[in-house]
Structures are given as structure tokens and as C-alpha cells.
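Worksheet for the structure shown next.
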Amino acid sequence: MPRYLFPTPKGSEITPREVYLNRRHFIAGATAAGALLALDGSVKAAASATEPLKFSEGKVKALSDKPTARELATTYNNYYEFGTAKNEPARNASTLKVRPWTVEIGGEVAKPRTIGIEDLLAMELEERIYRMRCVEAWSMVIPWVGMSFSKLANLVEPTSKAKYVKFTSAARPEEMPGVRTRILDWPYTEGLRMDEAMHPLTFLTLGMYGETLPNQNGAPVRIVTPWKYGFKNAKSIVRIDFVSEQPRTAWMTAGANEYGFYANVNPEVDHPRWSQKHERLLPAFFASRETEKFNGYGAEVASLYSGMDLAVNF
Ligand code: MTE
């Protein structure tokens, strides 16, 4: 895969320290009403309008790190449908039409259905603060709002033939400039093994920082699997298929030797072109922090892989 796909961020793409220090940071313990956080003008300049959400505080214990400033999490993105530079999704994603929006759910299920975004938003939502570790060796801590993916899966009743779940993102050349290029094999697809998908940590995500997702972060619905590299977390999902065979993902098509199906965060398995031993917890500039196996969620998920060689199944 070409080297430029995952460029080293330039200093100019990183919010300067004095800028983020002056922002009002996310306030932990925001009320269950999902109080609309008072954000300053430059944050509002981000690509898309967001709305406050109702949610409860999630039961999953947050890691010790404080949430990343919202401005950084919404302006330093990977969303190749809107460009490969980190600042392009925030600039370009306002063209994505996120209403109306439906997700088609099918494959090996007893009750296939198409569900509208309004119905998803009307379900009981909770907030979970998860660290997101990108394969490019940076990380952020984000307060997501959504529900366990298993809640949605149970609505369609997967059959015993369902061994994997395949997620398909929207691919609309007229709304997404990146889809007019051949940087990836569109649509963006990702997948999980059934037990991974049904694990309580796997999060069907509808919002962040108490509001609906900004377009650049994958509005209106995405998946978040916190123990895996960020690329597993498909954005702007339009289809979910329960399938019997391991699906081929967009990144595996781009470079199977670099982006494995499992993609568990693992300091012991280097990416062929860089080490995964350390990471930059943004906005830190240097990768001075040790990467934790399974991104710190080993107690919850390591048993899913007992008996597997994770250097082979990377
Ligand atoms: N989903 C789609 N459809 N397209 C993408 O390019 N990039 C992935 C993932 N989901 C991507 C995607 C990668 S590499 C990362 S690190 C995360 O989204 C970034 O999510 P964030 O911008 O919300 O932090």
C-alpha cells in the first residue's frame, strides 16, 4: 500500500497547546439530559450541525485518561471518503446528507429489517468514555453515546449460520469527494467475528460529547470497538450483514499484510512500516506512552482470543 495513505501528521495539523488549553474541555459528569455543552465559535465552525442527545451514564468503567478536547476529536480525523489529510473530513463532510438515513440489516437473520435513524435515536442510549487507538500510533479518549451493538443485533435474531458481521459505510460520490478517487475500494467495509460483535463493549455509536455525531466522525451511526485499531470502526453505516464467512474488508483489500482482520491493539505486533509499542495520546506530539495490549481492555476481551496466535491473526 502506498506510504502516503497514513502520512505522519504535520505539526500544523495538531491543535497548538495554547489553543486547546483555552478551550472549554468536555466536562465529565455532564448531566443525563446531555446538556448541550457551551462550545466556542471555532468549534461551531466544524463541518456539521449536531443536536443534544438524551442518555444515561454508561456502566462501563472509563480508563483513567481525561477525554480529549472536543475540538481536536472533531478536526483531526480519518475519513477517507472526505480526503486523506486529517483536517479534510471536518472541512469537507458537511456535504453528507445524514437525514433521512436508514440502516439495512440482513443476511443470516430471522427478521431482516430496515431501521431508520430516528428509531435508533429513540432507543435507550448511554455514554461510554473509550480510548480510540489508531493504527497510526496516536490515540484519543472520547465520550461516545450509543448502545451495545448486541441490542440492535438481537432485534433481527441472527441465526446459527451467522459467524461474522459485516458493516458497510455509505459511498456517495456526489456527497463524498474521496469516493470519486480510488484511494480505497469503496464502499468502506469492516467486519467482526460474531462473538466480538456481540461483546458488551462493542458500541453502536450515535453521538459524542453529549450530541449527535458530527459528520466527520461518522454521522449518523458508526461502530466503535475500543480494543481494536481505529480502522475497525466503520463510519456512516448503511448496511449490516450477518454472514457465514469472514468478510474481506476495505483495508485488507488495500494491504492484507498491513491491516489484518482482527486488528487488536497489540504492542507486540509491529505494523510492517512502524512500531506499535508506543503511542501519542493527542495532543501530545511525541509517542511517549506505552501502548496497552487490547488498548487497556484486556480484562474484558482477552478470553475471546484464547488459543489464538495473535501475531498470525493480527
Ligand atoms: N470509516 C470510514 N467509512 N472511512 C474511513 O476512512 N477511517 C477509520 C475509522 N472509520 C474510516 C472509517 C480510521 S483509520 C479511524 S482511526 C477512525 O475511523 C477515526 O475515527 P474518528 O475520526 O472519529 O476519530
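All of the numbers you see were taken from the coordinates with simple rules; none came from a lab. These numbers come from a predicted model, not from an experiment. Cβ: placed from backbone, ideal geometry, glycine included. Neighbour counts: every protein chain shown.
Brief remarks follow.
- Of the peptides 156-164, 192-200, the order by per-residue mean of other Cβ atoms within 10 Å, starting with the highest, comes out as 192-200, 156-164.
- Signed unit charges on C-beta, dipole axis of region 3-305, positive-most listed residue 212, 229, 153: 229
- Structure-based [θ]222 nm, the chain - -39500 (n - 2.57) summed over DSSP H runs of at least 4, per residue, nearest 500: -3000 deg cm²/dmol
- Ordering of 220-228, 251-259 by packing [mean C-beta count within 10 Å, highest first]: 220-228, 251-259
- Separation of region 160-223 and region 271-292, taken as the distance between their Cα centroids, equals 24 angstrom.
- Order of 303, 236 under a 10 Å beta carbon neighbour criterion, fewest first: 303, 236
- Between the beta carbons of residue 258 and residue 66, assuming R0 = 22 Å, the FRET efficiency works out to 0.10 to the nearest 0.05.
- Each Lys or Arg adds one and each Asp or Glu takes one away; over the other residues whose Cβ falls under 12 Å from the Cβ of residue 299, this sums to 0.
- Cut-off 12 Å between beta-carbons: net charge of the residues surrounding residue 145, Lys and Arg +1, Asp and Glu -1: -3
- Full extension of the chain between residue 95 and residue 310 gives 73.4 nm of extra length, using 0.36 nm per residue less the Cα-Cα distance.
- With eigenvalues of the C-alpha gyration tensor scaled by 5 and rooted, region 3-305, Å: 26, 23, 20
- Net charge dipole size for the chain [Lys, Arg +1 and Asp, Glu -1 on Cβ; Debye, nearest 20]: 380
- Members of 54/86; 97/163; 54/293; 166/293 lying beyond 28 Å, as alpha-carbon distances in this model show: 54/86; 97/163; 54/293
- Listed by Cβ neighbour count within 10 Å, with the fewest neighbours leading, 281, 206 appear as 281, 206.
- The ranking of 248, 131, 273 from fewest to most other beta carbons within 10 Å of each one's beta carbon is 273, 248, 131.
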